[in-house]
Structures are given as structure tokens and as C-alpha cells.
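Taken together, the values in this text are just the output of simple stated rules run on the coordinates, not laboratory data. Just so you know, these numbers come straight off a predicted model, no measurement behind them. Using ideal geometry, Cβ is built from the backbone for each residue, glycine included, and neighbour counts are taken over all protein chains shown.
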Amino acid sequence: MTPASIADALKTMSELVAGLEDAYWEAATIETKDLFFDLISAVNVESSELAKLSIQDHHLEYEPVTVEFKRARTRLTDLRKILDERVARSATAARLEVLISDVVGLVAH
């Protein structure tokens, strides 16, 4: 399997943030909203750091660059196991399951 490029990572993380934002707005409790907000923040920090790179570097292999995102990967993996408990809408849960797998897969190479 070909390693993910920085451009691929940025696109995948952007899609994940959109899915997490949907889940945030659909959440019924403050604790669940806090969980999604924390993950959104970590992914946004990683994306911001990657966006600082030159466009000419976007073809390079992706490697996580922030501590926040490295911690969030573990939380994303844990969230994937309990999506049905934390996400009210089944369509959002199914979408997040795919998106989380995609983001975790970025660094599994």
C-alpha cells in the first residue's frame, strides 16, 4: 500500500472534522460534546501545522507532527468502538466509522 501524502492527510482530516462537527451538534450531553470538541481541536491543530508547509511539500509522505494529534489517535480508536453509544444518528455514526478508520489508517503505513 502506498504511504499517504500530506495532501491526502489534509483532505482526510478535513472530512473527519466535518463528521465530528456533525456529531458534536447532534450530541445530547455536555460530556459527549466535550469529547467531540477535544477531538476536533486536536485534528485542527494537526491540520494547521500541515497547512504551514509549502504546497511543493504536499506530495511528501505524511507523518503526525503534533502531540495533540498523536494522543487523539488513541481516543479516535476508542471512540470507534463506542460510536453507537456516543452518536445519536446512525448515518453520522456510520460516516464517522469510515472517517476514523481513514485517519487512523494514514499513520498505519
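Here are some notes:
- Which numbered condition Lys33 fails, given (1) surrounded by 16 or more Cβ atoms within 10 Å (Cβ to Cβ); (2) without any contact (Cβ under 8 Å) to a residue 12 or more places away in the chain: (1)
- Lone unmet requirement of (1) part of a loop (DSSP other than H, G, I, E, B); (2) under 12 Å from Val103 (Cα atoms); (3) in contact with a Leu (Cβ under 8 Å, 6 or more places away or on another chain) for Ala72: (1)
- Among the candidates Leu99, Leu83, the residue that is over 15 Å from Ala9 (Cβ atoms) and surrounded by 13 or more Cβ atoms within 10 Å (Cβ to Cβ) is uniquely Leu83.
- When each of Ala88, Ala9, Ala51 is tested for being surrounded by 16 or more Cβ atoms within 10 Å (Cβ to Cβ), touching a helix residue (DSSP H, G or I) at 6+ places or on another chain (Cβ under 9 Å) and either touching a residue at least 12 places away in the same chain (Cβ under 8 Å) or not hydrophobic (A, V, I, L, M, F, W, C) (or both), the lone residue that passes is Ala9.
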